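The values are calculated or read from the model by the stated rules, or taken from the named source; none is laboratory data. As the structure is a computational prediction, the values presented were derived from the model and not from experiment. Note that we place each Cβ from the backbone using ideal geometry, even for glycine, and neighbour counts take in every protein chain shown.
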Ligand SMILES: [Zn+2]
Ligand SMILES: [Zn+2]
């Protein structure tokens with residue numbers, strides 16, 4: 001099968017012809033229809049996330065059809081379409097797995113990082129970690145739901161479910177890429193007011209945000225006219241932590257949604273004081289995935305995606321890095 005392979009962090013991916021993978025017990029072999037490109041893939045390729053399995057096939061937003069079942073795999077039929085997310089395997093017995101926080105499992109394995117991923121014609125997944133996808137999205141438009149959508153949704157819940165001092169009506173999003181473009185639509189459907197903060201001068205991203213229902217879009221250097229109730233930071237820029245804390249009201253929540261950020265500069269304690277909450281989001285649980293995909297079946301989301309053939313994975317990564325994509329970049333290995 002054809003695959004794009006990372007031999008060493010810092011190098012471009014290499015197009016390779018690999019042997020057909022074989023599903024082990026409880027695993028399924030998938031023909032990959034689409035695999036979205038996540039910013040996390042950049043952190044893996046750039047070496048900001050340590051100790052990937054090498055050589056590695058990246059990619060963790062996979063839509064595929066089951067073409068072979070390993071021993072004891074019987075959850076899905078042959079031919080079923082499933083989604084494979086970042087969380088690829090957990091131990092089931094650690095303190096986190098036993099308390100509904102499998103996203104923090106100390107033994108967890110991650111698709112396209114410590115398990116082989118979806119930048120390939122074929123991939124293998126543990127069937128317990130696969131999702132059934134809503135029929136209303138084709139492969140290219142379903143793939144971005146699998147990380148941008150569902151880890152974004154975990155961040156959204158953490159930002160909005162437990163505020164102090166009233167509901168989280170005014171929500172700021174810092175960085176307007178694949179995740180923010182989906183979450184804006186969910187938040188607007190929930191009756192929230194979305195403010196989108198982008199790089200100064202990125203008028204295309206700001207227009208994109210307004211087109212999806214944001215009531216205001218502008219530079220992350222700007223303070224909102226009224227304080228935010230909550231903010232989510234998607235851009236991997238540590239300086240935005242202070243920026244967002246200054247923008248939220250007392251009791252407001254700031255969630256860092258990425259897996260990697262540049263260092264956070266020091267800032268005065270008074271900007272955290274008054275019970276502002278700063279927290280991060282790590283990975284996803286299967287429950288997060290089920291909840292978000294049920295939501296995506298109910299609220300028809302406009303998924304903006306640009307398709308790339310598999311050998312163009314390096315170009316797709318470059319477009320995500322430069323922020324020149326509107327929405328998500330998606331590889332289509334079998335088309
Ligand atoms: Zn565990
Ligand atoms: Zn991701």
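If you go through the range 146-162 and keep only what is assigned to a helix (DSSP H, G or I) and within 11 Å of ligand 2 (Cβ to nearest atom), you end up with 146, 150, 151, 152. Within the range 100-111, not a single residue is at pLDDT 95 or above, within 22 Å of residue 20 (Cα to Cα) and outside any strand (DSSP E or B). Once the range 63-72 is narrowed to residues that are within 17 Å of residue 26 (Cβ to Cβ) and touching a strand residue (DSSP E or B) at 6+ places or on another chain (Cβ under 7 Å), the residue that is nearest to ligand 2 (Cβ to nearest atom) is 64. Going through (1) outside any helix (DSSP H, G or I); (2) touching a strand residue (DSSP E or B) at 6+ places or on another chain (Cβ under 6 Å); (3) not assigned by TED's automatic domain parsing to the domain that holds residue 201 one by one, residue 289 falls short only on (1). Could you tell me whether any residue of the range 56-76 is farther than 15 Å from residue 32 by Cβ, under 21 Å from the mean Cα position of the chain (by Cα) and either in a strand (DSSP E or B) or away from ligand 1 (no atom under 11 Å from the Cβ) (or both)? Looking for residues that are farther than 15 Å from residue 32 by Cβ, under 21 Å from the mean Cα position of the chain (by Cα) and either in a strand (DSSP E or B) or away from ligand 1 (no atom under 11 Å from the Cβ) (or both), one finds at least one in the range 56-76, hence yes. When the criteria are applied in full, residue 52 meets the requirement of being surrounded by 18 or more Cβ atoms within 10 Å (Cβ to Cβ), touching a helix residue (DSSP H, G or I) at 6+ places or on another chain (Cβ under 8 Å) and at negative phi. Taken over the range 93-107, residues that are within 16 Å of ligand 2 (Cβ to nearest atom) and surrounded by fewer than 21 Cβ atoms within 10 Å (Cβ to Cβ) amount to 0.
The residue list 214, 179, 209 contains one member that is closer than 24 Å to residue 61 by Cα, touching a helix residue (DSSP H, G or I) at 6+ places or on another chain (Cβ under 7 Å), buried (at least 18 other Cβ atoms within 10 Å of the Cβ) and without any contact (Cβ under 8 Å) to a residue 60 or more places away in the chain, which is 209. Taken over the range 114-142, residues that are farther than 25 Å from residue 72 by Cβ and within 16 Å of ligand 2 (Cβ to nearest atom) amount to 2. Could you please let me know if residue 8 is out of contact with any strand residue (DSSP E or B) (no Cβ under 8 Å at 6 or more places or on another chain), part of a loop (DSSP other than H, G, I, E, B) and within 16 Å of ligand 2 (Cβ to nearest atom)? The answer is no for residue 8.
The rows are residues; the columns are (1) assigned to a strand (DSSP E or B); (2) at pLDDT 95 or above; (3) within 16 Å of ligand 2 (Cβ to nearest atom); (4) assigned by TED's automatic domain parsing to the domain that holds residue 135.
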position	(1), (2), (3), (4)
229	yes, yes, no, no
259	no, no, yes, no
274	no, yes, no, no
301	no, yes, no, yes
313	no, yes, yes, yes
316	no, yes, yes, yes
324	no, no, no, yes
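Kindly establish whether residue 112 is exposed (fewer than 15 other Cβ atoms within 10 Å of the Cβ) and at positive phi. Taking the combined requirement at face value, the residue does not satisfy it. Residue 16 falls short of the stated requirement of being touching a helix residue (DSSP H, G or I) at 6+ places or on another chain (Cβ under 7 Å) and assigned to a strand (DSSP E or B). Look at (1) within 16 Å of ligand 1 (Cβ to nearest atom); (2) outside any strand (DSSP E or B); (3) surrounded by 15 or more Cβ atoms within 10 Å (Cβ to Cβ) and you find that residue 88 fails only one, number (2).
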